[in-house]
Every structure is written in structure tokens, then in C-alpha cells.
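Data block below; observations after.
The values are calculated or read from the model by the stated rules, or taken from the named source; none is laboratory data. Because the structure is a prediction, the values reported are computed rather than measured. For neighbour counting, all protein chains shown are included, and Cβ atoms are generated from backbone atoms with ideal geometry for every residue, glycine included. To get the accessible areas, we keep the full protein, side chains included, count just its heavy atoms, and leave off ligands, DNA and RNA. Shrake-Rupley method; radii C 1.70, N 1.55, O 1.52, S 1.80 Å.
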Amino acid sequence: MPLIVSISSLKGGVGKTSVTLGLTSAALHAGQKVLVIDLDPHGDASTGLNAPTTGADIGSMLADPERFSLRDNIVLSGWNAIAQGQKNSDGVVHVVRGSASSTPLEQAPLPQYLSRLLNLLQGNVDDYDVVFIDCPPTLGVLTSMAWAASDRVISVAEPSLFSVAGTERTLRAITRFEENSQYSVSSASVILNKVRPHSNEHSYRVEEMKVLFGDLVADQFLEDFEEFQRVQGSAYPMHYWPSDDAQRCAAVFSDILQGLT
Ligand SMILES: Nc1ncnc2c1ncn2[C@@H]1O[C@H](COP(=O)(O)OP(=O)(O)O)[C@@H](O)[C@H]1O
Ligand SMILES: [Mg+2]
């Protein structure tokens, strides 16, 4: 089985999708075989990966798992064409597309649904090195299904007061999830994103997070930089974008990926 990692945060806009895409880019660049499952009804990861809108999306598969096979509905990311002919070009990115059709699942009865994603993955993802699951910013049925299927959960945070509170909520939710279900999340970590190293407020919040969450906070953090959104807007993997800022950010994602495996 591959390493299965959920990227979560109970706060929106902190960079879950961005971290999912950055780690995917790192794995592609390292020549790995990656599957991205876009569990957020906004479908941003699917857009960022330039995934074709063919086949069934994850919401339809989870709602009616008897009808769909996950393997038949995996699509190729547009990133593969960019990486072809470049370094370690045996890397490949596949996507299980997300869409608004997963929204109604948030109202589904949890005990019946909790293991559905895990069941969909079983026997279908053995060929991959790593599976990343981009989660919605809520602790609902979708995130619970993701955690039940995952070996690790990454919580993404910004250096802001509200995000410190959001991270506390996320880590408490993981503990509660483990207490109330048969599943254990073997490892949780906190990745800080959008850090401005010269901001006093950010330095204060980074230190505060280290005090509050100790070793869970990854040593490497991601800086806030303007070009980030241009790379994403072009549906491009960070590791293949030729600028110093992008390459510095890509190196951080590669370090974080190495720490996961
Ligand atoms: N390190 C960064 N520097 C600059 N912009 C960033 C960075 N990380 C994320 N963003 C931007 O912040 C916005 C929210 O990020 P996103 O990954 O969509 O968050 P989430 O998935 O948690 O809602 C996006 O427009 C994204 O491009
Ligand atoms: Mg997102």
C-alpha cells in the first residue's frame, strides 16, 4: 500500500490545496507515482492539476460505491505533459476528480459512510507511491472518511491568531476522531504556510505555534510570495517553474515530502 496522507485544516484559505499541490509536485519531480483525491467540493485541486472533467467524480463514487470503480475513473493530470522529458520523468500524477457533488455527503450518516473511501482505495492504489487527499475545511463526513483512510494527517496553518485557534481545533478533532472510531491516525503534523519572515507578528505566531504544538510543527515553513499564485493560476507544478522564488518553495516541499516517507 502507498503512504496515504490527508491535508486538512478546519479553517479555509490557509493553503490546504496549495500544500497538496506542492507535495504532489515534489513527488512528481522525484519520479514517484502519485494519486490525488480531491475531496473538497470546491474541486480546486482538480483545477490546479488541470484534470479533465471526464468520468465519475469522488462524490458520485462515495455516494454509490457499487456502481463505480475507482480505478476506472482515475484521470491523468495535465502536469504529466509538463514533466515529460524533464528530470525523473517517470513520475506520474493521477487524479480522482472532485466536484460539488460531494457536498450532500456531509449530511450522510457517518457510521455507514466512515470506511467508504478506505474501501474504495483498497486493492486499487497499490501501484502508487503516495496518495494525497485534499480535504474540505470542515470536520464533517468527508474529512472523517479521509482520516479513516489515512496513515498521516497534515494540518496546514498560517501564522495568525485565528489560525492558531483553528489548528488547536483541528488537533483536538483528530484526538476525538481517534477516541470515537476504530481508526488511528498514526502521525499528525502542522505545516506553516504564507509566512513572512520579516513580519514581527508572524515571527511571534510561529514561536507560539512551536510552544503550543511542539514537535508536531514541521521545521520547514512555506513563505508567502506573490509568484505562488501565478504558478497556481497556470496550473503548473512548482518544481518545473523556472524562477528563484518558485525553486526555493519547491525545495521546501521536497524536504517536507522526504520527512513524510
Ligand atoms: N505560500 C503562499 N504564498 C502566496 N499565496 C499563497 C500561498 N499559499 C497559498 N496561497 C494562496 O492563498 C489562497 C488560498 O490557498 P488554498 O490552497 O486555496 O487554501 P485552502 O485550500 O486551505 O482553502 C490561494 O489563492 C493560494 O494561491
Ligand atoms: Mg482548498
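Observations, loosely collected:
- Helix-only [θ]222 nm of the chain, DSSP H runs n ≥ 4, -39500 (n - 2.57) each, per residue, nearest 500: -12000 deg cm²/dmol
- Here region 12-138 is treated as a sphere whose radius is the Kirkwood value from Cα pairs; by Stokes-Einstein at 20 °C and 1.002 mPa s it diffuses with a coefficient of 145 µm²/s.
- Of the whole protein surface, ASP44 contributes about 80 Å² of accessible area at a 1.4 Å probe radius.
- Exposure rank, largest accessible area first [THR17, THR170; 1.4 Å]: THR17, THR170
- With DNA, RNA and ligands ignored, accessible area of SER189 (1.4 Å probe; Å², nearest 10): 30 Å²
- Long-range tail of P(r) for region 140-197 (Cα pairs > 14 Å, %): 55 percent
- Shape metrics for region 175-261, restricted to C-alpha atoms - Rg then Dmax, Å: 15.8, 47
- Förster radius 35 Å - calculated FRET efficiency between ARG67 and GLN229 (Cβ-Cβ, nearest 0.05): 0.40
- Area of TYR204 that stays accessible when all protein chains are in place (1.4 Å probe, Å², to 10): 130 Å²
- Positive-pole candidate from ALA149, ALA63, TYR204, dipole of the chain, charges at beta carbon: ALA63
- Restricting the calculation to Cα atoms, every distinct pair contributes to the Kirkwood radius of the chain, found to be 18.3 Å.
- GLY140 long-range amide H proximity, modeled H, under 5 Å: none
- Exposed loop sites, defined as GluC sites (Glu not before Pro) outside DSSP H, G, I, E and B with at most 15 other Cβ atoms within 10 Å, are absent from the longest region of the chain, namely 67-225.
- Estimated at 0.36 nm per residue, the fully extended path between ASN124 and ASP244 surpasses their Cα-Cα distance by 39.4 nm.
- Percent accessible area from carbon and sulfur atoms, region 3-260, protein chains only, probe 1.4 Å: 47 percent
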